[in-house]
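Report on one structure; see the data block that follows.
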2 protein chains.
Amino acid sequence: MKARRDVFQAIADPTRRAIIGLLAKETLTLNTVADNFNMSQPAISKHMRILTECGLVVIVKQGRERHCSASFSALQEVAQWAAQYRHFWSNRLDTLEQLLNE
Amino acid sequence: MKARRDVFQAIADPTRRAIIGLLAKETLTLNTVADNFNMSQPAISKHMRILTECGLVVIVKQGRERHCSASFSALQEVAQWAAQYRHFWSNRLDTLEQLLNE
DNA sequence: TTTTTACTAAACCAAATGGTTATATATCAT
DNA sequence: ATGATATATAACCATTTGGTTTAGTAAAAA
């Protein structure tokens, strides 16, 4: 697995986006997260590792359990990247879209 | 290559994000785009195909040239997905809001 | 102390990704 | 008609991805 994680690459996977969605509601243990998906616990463990490596999830060890919480500040990079192009779809359509919609 | 394209997966690659950045300034032919990167023309052709498949780029054939323009409405999905978690990092909301209101 | 439980780590695998080079094709210029 | 240009397509390749199963380990429960 790659050493340095990128948040854009982390959210590319739908399972990982779903994990973030779950953790937005509440902190969950790794196994509880895994219960929500149709895949093995080690698979979720791997996804969780990717999410922690880019700062989207923080894991707190509590006994034998791993309590996973989302850390949304890492999403700012994504939000800002998308937002820089916002004027292209907000006030007006870009010229090409205008052409296509005619 | 996968049949159905996902915008999250499309923007996961830094080269493709850079292409979007270029096309935000102006419409460019495929070769002109390729000139901006240290990779072959077929490589850019492939990236462009992924970008068109998820609606982020529209290509207009003009003679032997392919005029590529960004179509940013596909980014709304990304912006909205990130925005739903915005209140979690709202202490820095002012910065993002400034950006959005530009 | 023994056995569950919660998780990690390792070995493995098929498929996808991101690149290459070589070749084909259509259009434009001469 | 011939050659150059813009791009596509194909074949190929190494690496990454996303999953699996099978151990191992540490903590809790019995």
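The values are calculated or read from the model by the stated rules, or taken from the named source; none is laboratory data. Since the structure is predicted, the reported quantities are computational estimates derived from the model, not experimental observations. Reconstructed Cβ throughout: ideal geometry from the backbone, glycine too, with neighbour counts over all protein chains shown. For the accessible areas, the whole protein counts, side chains as well, though only heavy atoms, and no ligand, DNA or RNA atoms are used. Shrake-Rupley method; radii C 1.70, N 1.55, O 1.52, S 1.80 Å.
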Taking the label point 7 Å from Cα along the Cα-Cβ vector, the copy-to-copy distances for B:Gln41, listed from shortest in nm with one decimal, are 5.5
Amide H proximity to A:Ser71 below 5 Å, modelled H, separation 5+ or other chain, gives A:Val57, A:Val58
Taking only the alpha carbons of the stretch A:7-74, the radius of gyration and the largest Cα-Cα distance, Dmax, both in angstrom, are 10.7, 32
Heavy-atom accessible area of B:Arg49, protein chains in place, probe 1.4 angstrom, given in Å² to nearest 10, is 140 Å²
Simple SL model, points at 7 angstrom along Cα→Cβ for B:Arg64 and A:Met39; separation in nm is 4.6 nm
With the label set 7 Å along Cα→Cβ, B:Thr15 is separated from its counterparts in the other copies, in nm and shortest first, by 2.6
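Do any GluC sites (Glu not before Pro) in the stretch A:1-69 lie in a DSSP loop with no more than 10 other beta carbon atoms within 10 Å, and if so, which? Walk me through the numbers before you get to the answer.
Numbers: sites: A:Glu26, A:Glu53, A:Glu65; in loops: A:Glu26.
Counting only loop positions with at most 10 other Cβ atoms within 10 Å, the GluC sites (Glu not before Pro) in the stretch A:1-69 are A:Glu26.
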For A:Leu28, the accessible surface traced by a 1.4 Å probe with all protein chains present amounts, in square angstrom to the nearest 10, to 20 Å²
Expressed as a whole number, the average count of other chain Cβ atoms within 10 Å around the Cβ atoms of A:9-19 is 3
